[in-house]
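Peer 1: The structure follows.
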Amino acid sequence: MIRAATAADMPTIARLIRMLAEYEKLAHEVVFDERELEAQLFGPRPAAEVVLAESEGTVVGFALFFQTFSTFLGKPGIHLEDLFVLPEHRGAGHGKALLVHLAKLAVQRGFGRFEWSVLDWNEPAIGFYRKLGATPMDQWTVYRLTGEALAQLARG
């Protein structure tokens, strides 16, 4: 079962984000304040949405996503920021169910794209995505500004 998360799910969402970061060997980058994250997800103007996968009443995975926009298509899209299924529940269809749910949302909302990034060493995920028909955007390189570099550019 896939359901929309609520503010009451914040402790679970925070735990799953930390578990994803551990899996991706990026735990050192997790610095969010849980109350601030809750405000960003469930406040008056949510920056992102979260859906949870449940099995027998227990949350076993999540997807965090937000709206993007394609000037080429002239339509919004969905960017999947995080997808994670607990290791002991992988292979049972929860990841696919989360992706199917998001694809349905994109279609229902009239969006033109559904996209995400994957670490280049994550062969299990890459294989899974290819089986679903997703194609890598190998000609694109992601750039990011954070911390002091972001602040410095903002200063002009």
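Peer 1: What number goes with the only condition from (1) over 27 Å from MET1 (Cα atoms); (2) surrounded by fewer than 15 Cβ atoms within 10 Å (Cβ to Cβ) that PRO87 does not pass?
Peer 2: Unmet for PRO87, out of (1) over 27 Å from MET1 (Cα atoms); (2) surrounded by fewer than 15 Cβ atoms within 10 Å (Cβ to Cβ): (1).
Peer 1: With respect to the numbered conditions (1) loosely packed, with under 15 Cβ neighbours inside 10 Å; (2) closer than 22 Å to TRP140 by Cα; (3) of a type in the set (Gly, Ala, Ser), which one is the sole condition not fulfilled by GLY112?
Peer 2: Condition not satisfied by GLY112: (1).
Peer 1: Considering each residue of segment 6-41, count those that are part of a loop (DSSP other than H, G, I, E, B), under 23 Å from VAL118 (Cα atoms) and in contact (Cβ under 8 Å) with a residue 12 or more places away in the chain, and give that number. Spell out the reasoning first.
Peer 2: The first filter runs over segment 6-41 and keeps only residues part of a loop (DSSP other than H, G, I, E, B), leaving 6, 24-26, 30-33.
Going one step further and asking which of them are under 23 Å from VAL118 (Cα atoms), we end up with 24-26, 30-32.
When the remaining residues are screened for being in contact (Cβ under 8 Å) with a residue 12 or more places away in the chain, the result is 24, 30, 32.
Within segment 6-41, residues that are part of a loop (DSSP other than H, G, I, E, B), under 23 Å from VAL118 (Cα atoms) and in contact (Cβ under 8 Å) with a residue 12 or more places away in the chain number 3.
Peer 1: Regarding GLY110, is this residue in contact with a strand residue (DSSP E or B) (Cβ under 8 Å, 6 or more places away or on another chain) and part of a loop (DSSP other than H, G, I, E, B)?
Peer 2: Criteria met by GLY110.
Peer 1: Would you check which residues across segment 20-56 are of a type in the set (Lys, Arg) and over 12 Å from ALA7 (Cβ atoms) and list them? Lay out the reasoning, then the answer.
Peer 2: Residues of segment 20-56 of a type in the set (Lys, Arg): 25, 35, 45.
Passing the criteria: LYS25, ARG45.
Peer 1: Just to be sure before I move on: is GLY74 at pLDDT 95 or above, more than 17 Å from the chain's Cα centre (by Cα) and not basic (Lys, Arg) in the structure I sent?
Peer 2: yes
Peer 1: How about segment 137-156: which of its residues are surrounded by 10 or more Cβ atoms within 10 Å (Cβ to Cβ) and without any contact (Cβ under 8 Å) to a residue 12 or more places away in the chain? It would help to see each step written out before you state the result.
Peer 2: Going through segment 137-156, the residues surrounded by 10 or more Cβ atoms within 10 Å (Cβ to Cβ) turn out to be 137, 145, 149-152.
The answer is LEU145, ALA149, LEU150, ALA151, GLN152.
Peer 1: When you go through (1) at pLDDT 95 or above; (2) assigned to a loop (DSSP other than H, G, I, E, B) one by one for LEU83, which number turns out not to apply?
Peer 2: That leaves (2) as the condition not met.
Peer 1: Going residue by residue through segment 30-47, is there one that turns out to be over 18 Å from ALA8 (Cα atoms) and modelled with pLDDT of 95 or more? Let's see the steps before the verdict.
Peer 2: Going through segment 30-47, the residues over 18 Å from ALA8 (Cα atoms) turn out to be 30-31.
Add one more test, that the residue is modelled with pLDDT of 95 or more, and what stays is 30-31.
Yes, there is a match, as at least one residue in segment 30-47 is over 18 Å from ALA8 (Cα atoms) and modelled with pLDDT of 95 or more.
The values are calculated or read from the model by the stated rules, or taken from the named source; none is laboratory data. Note that the coordinates shown come from a computational prediction; the quantities given were computed from them, not determined experimentally. Counting neighbours? That spans all protein chains shown, and the Cβs are built from the backbone with ideal geometry, glycine included.
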